[in-house]
1. Output the qualifying pairs, or none if there are none: Cβ atoms under 6 angstrom, residues six or more apart or on different chains, first residue in the range 225-254 and free of Cβ contacts under 8 Å to residues at least 24 places away in the same chain and farther than 16 Å from residue 114 by Cα, second residue not in a loop (DSSP other than H, G, I, E, B) and not charged (D, E, K, R).
2. Any chance you could count how many residues in the range 188-215 are touching a helix residue (DSSP H, G or I) at 6+ places or on another chain (Cβ under 7 Å), without any contact (Cβ under 8 Å) to a residue 60 or more places away in the chain and closer than 23 Å to residue 243 by Cβ?
3. Looking at residue 20 and the list (1) buried (at least 19 other Cβ atoms within 10 Å of the Cβ); (2) under 30 Å from residue 136 (Cα atoms); (3) hydrophobic (A, V, I, L, M, F, W, C), which single condition is not satisfied?
4. Over 13 Å from residue 295 (Cβ atoms) and in a strand (DSSP E or B): which single residue out of 173, 213 fits that description?
5. Residue 256: under 20 Å from the mean Cα position of the chain (by Cα) and in a loop (DSSP other than H, G, I, E, B), yes or no?
6. Output the residues belonging to the range 131-157 that are in a helix (DSSP H, G or I) and over 20 Å from residue 299 (Cα atoms).
7. Residues that are at negative phi and either in contact with a Gly (Cβ under 6 Å, 6 or more places away or on another chain) or among the hydroxyl-bearing types (Ser, Thr, Tyr) (or both): find the strands (runs of 3 or more DSSP E) completely inside the range 57-130 holding 2 or more of those.
Amino acid sequence: MQLSEQWYPSASLEVLQQRAALLSAVREFFAQRNVLEVDTPLMSRFGVTDLHVDNLTTQLQAFPQTTFYLQTSPEYAMKRLLAAYGQSIYQLGKVFRDDNVGRFHNPEFTMLEWYRVGFNQQQLIDEVVTLLQSVIGDLPVHQCSYQQAFMQSIGVDPLSATDDELRTCLKTFSEIDDLAAREDNRDTLLQLAMAMIVEPQFTAQAITIIDSFPASQAALAQLSDDNPLVARRFEVYVGGIELANGYQELTEAKTQSRRFAQDNQQRSQHGKTQQPSDHRLIAALEHGFPVCSGVALGFDRLLMLQLKKQMIAEVLPFALTCA
């Protein structure tokens, strides 16, 4: 595209009309279920500590000594609302990640995130499936544990294999052999294997649910009472496209503080700057947090699937190259 043509939108008018229709349909879905729409700040004094997620930052003239973080998810602010009011809520808005640009990635994108008070993990999974089938059709649903998915696709148990056993197994796959030889972080190895070997084997025309992630990847999820090696965390895929990540939410402030510290330790080990943890989330958990489950879903990817588009840029009014 010539420089003089870079003003033009990346999505067609027809796609923008379909995008507006899907935004309206999502809002109607939650209105029918009495889930309150909320609108939390895009900027915060705190970002995330996650090793694999990085915030974009900015500064304001009014606070020249303070770094503000563009939010990668509305999760922390939404959880403060949950602690204060105990009401099921959802948010549909922009988030930002300092990440790659590609077929499924744009640094600025639209996220649908919701929390259902009183729901366990399976109840929320069922609701996610209901929403997806209302948008992309009555696809079959395949659900299995993270452990089962690895055993079927790779032939290694991600919960019991030693690091050496895991690395030796992954070296036999050409998609990951070089990375497996160099990487010494177990969870990074597992995430690479999931993305490059397991996910591509998911049935194309089906909704795939992976639950019971390793406890080391719990993030903000509870651990299972039945098996402390796994967390009440799930991910949702259509074909090999990751759409959503959900938890039966952790309610314990001390455990969350410990996980933030562990995140920062991992960041240091990988040469990344440690990030201050959001003490306001910890205070909200200490105040008292309702039993609930929550999920974040990529709205633009959902629209890609609905319209059978190949690139995220095709469903964005202005992708990064046009912004």
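1. 231/213; 231/215; 231/221; 231/223
2. So the answer is 5.
3. The one condition residue 20 does not meet is (1).
4. On the way: 173 fails: in a strand (DSSP E or B).
After ruling out the rest, the residue left standing is 213.
5. Values: under 20 Å from the mean Cα position of the chain (by Cα): yes; in a loop (DSSP other than H, G, I, E, B): no.
Against the criterion (under 20 Å from the mean Cα position of the chain (by Cα) and in a loop (DSSP other than H, G, I, E, B)), residue 256 does not qualify.
6. Pass one, the range 131-157, residues in a helix (DSSP H, G or I): 131-136, 146-153.
If the condition is that a residue be in a helix (DSSP H, G or I) and over 20 Å from residue 299 (Cα atoms), then 146, 147, 148, 149, 150, 151, 152, 153 are the ones that fit.
7. 63-70, 108-117
Residues checked against (1) small (Gly, Ala, Ser); (2) farther than 30 Å from residue 188 by Cβ; (3) over 19 Å from the mean Cα position of the chain (by Cα); (4) at pLDDT 95 or above:
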| position | (1), (2), (3), (4) |
| --- | --- |
| 12 | yes, yes, yes, yes |
| 15 | no, yes, yes, yes |
| 22 | no, yes, yes, yes |
| 28 | no, yes, yes, yes |
| 33 | no, yes, yes, yes |
| 36 | no, yes, yes, yes |
| 43 | no, no, no, yes |
| 52 | no, no, no, no |
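The values are calculated or read from the model by the stated rules, or taken from the named source; none is laboratory data. These figures come from a predicted structure and were not determined experimentally. Quick reminder, even Gly has a Cβ in these numbers, built from the backbone with ideal geometry, and neighbours come from all protein chains shown.
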